[in-house]
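Taking it in order: structure first as structure tokens, then the write-up.
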Amino acid sequence: MSLPPARLMLKPAQLRLIQQIAEHGQLQLAAETVGMTQPAASRMLAEIENQVGAQLFLRQPKGMEPTEIGRAVLRRARVILREMFSMAADVRALREGFGGSLRVGAVTGPAVGYLVTAIREIKQTAPDADITVDVMPSRELLGHLAAGEMDFVLARILPEFDSQDFNILPMRDEKVSFLVRSSHPLCRSSSVTLTELAGQEWVMQSRGAPIREAALAAFADVGLAEPRNIVNSPSLLLTIAYLAQCDAVAPMSEEVAELLIRPPVGAGFAVLQVPHEIRVSPYYLLDLKRRPLSPLAMRLREKLVALSRSPVREAHA
């Protein structure tokens, strides 16, 4: 007949005491280490041995030595105490924002302009933090945020979403740059007019994308028709590959253009100089009111706030 499984439930304080007795070999020293009087430690050891049903230590002239059963209990006690220490460290890291997982999203400009820098700063002190970043249009970002699938996003507010659902931090607008390969003929000009650009080949985001709409509005503002020779693609990678092979022009955020033309990337591109600035409507840092941010998300959000040099403001009625 098999024996029923033993139910031995020792408390962390009891495990720490027997670990210290084994380490010091003296009950008095072990008691001092765990913050107990010797009589209290003696009573606790008697209780432990009563629960185990066997003597854990032999009282020798040179000190206390674990019995065979004592050594077996100590092996398990050390494992349990290590796990409890690790658990405490994990909880502390999560509570203080140095651990855990986080998913955020951004449109391309702020992803390059703010988010990369903020995440790098977080990672310097929290290398184990699991951070996922999605770069996509505002409509998709807001859909993921509203569904609770992202912690926060850097995006524009669209009319089909109820802004009352979000905490809203205004960030900044985006400046549109016209990117070309550095051998493009127009690079030799100190200033390029929209009239000169109208007849060029273009690579643009799809209809409705803020940067594309801002670029096309600039042509309309000076009475010019929209460029006709356009390749449509939301992919930044395809845009870069296309520009590298021909004399096309691509409107994109200033942050992305600067990344591509300056060291250390220096990818062989240039920005055309146009006489008037073209700007896109502002984007915002958005998170759900009904879903409190984790400590890690709060740390990253605070980094972004500091980078934007804007006060945190909540959305009100």
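Is it the case that some residue within region 262-269 is closer than 25 Å to E140 by Cα and open to solvent by 30 Å² or more (accessible area, probe 1.4 Å)?
No, region 262-269 contains no residue that is closer than 25 Å to E140 by Cα and open to solvent by 30 Å² or more (accessible area, probe 1.4 Å).
Looking only at residues in region 104-134 that are part of a strand (DSSP E or B) and surrounded by fewer than 17 Cβ atoms within 10 Å (Cβ to Cβ), which one is modelled with the lowest pLDDT?
Out of the qualifying residues, it is D130.
Given L154, L169, L186, L179, which one is within 30 Å of C246 (Cβ to Cβ), touching a residue at least 40 places away in the same chain (Cβ under 8 Å) and either in contact with a Leu (Cβ under 6 Å, 6 or more places away or on another chain) or surrounded by fewer than 16 Cβ atoms within 10 Å (Cβ to Cβ) (or both)?
L186
Hey, among E196, E255, E213, which residue is part of a helix (DSSP H, G or I), of a type in the set (D, E, K, R), within 28 Å of E140 (Cα to Cα) and open to solvent by 40 Å² or more (accessible area, probe 1.4 Å)?
E213 is the lone residue from the list that is part of a helix (DSSP H, G or I), of a type in the set (D, E, K, R), within 28 Å of E140 (Cα to Cα) and open to solvent by 40 Å² or more (accessible area, probe 1.4 Å).
When region 68-107 is examined, which residues are found to be among the aliphatic types (A, V, I, L, M) and farther than 30 Å from A22 by Cβ?
L94, L102, V104, A106, V107
Restricting to region 258-281, give me the number of residues that are assigned to a loop (DSSP other than H, G, I, E, B), on the phi < 0 side of the Ramachandran plot and in contact (Cβ under 8 Å) with a residue 60 or more places away in the chain.
5
Which residue is most open to solvent (accessible area, probe 1.4 Å), if the candidates are limited to region 220-247 and must be touching a helix residue (DSSP H, G or I) at 6+ places or on another chain (Cβ under 8 Å), among the aliphatic types (A, V, I, L, M) and within 29 Å of L115 (Cα to Cα)?
L236
Can you say whether R59 is open to solvent by 90 Å² or more (accessible area, probe 1.4 Å) and closer than 16 Å to L15 by Cβ, as far as the supplied structure shows?
no
The values are calculated or read from the model by the stated rules, or taken from the named source; none is laboratory data. The shown structure was predicted, so the numbers you read here are calculated from the model rather than taken from an experiment. No Cβ is skipped: glycine too gets one built from the backbone with ideal geometry, and neighbour counts run over all protein chains shown. Heads up: the accessible areas ignore ligands, DNA and RNA and are worked out on the full protein's heavy atoms, side chains in. Shrake-Rupley method; radii C 1.70, N 1.55, O 1.52, S 1.80 Å.
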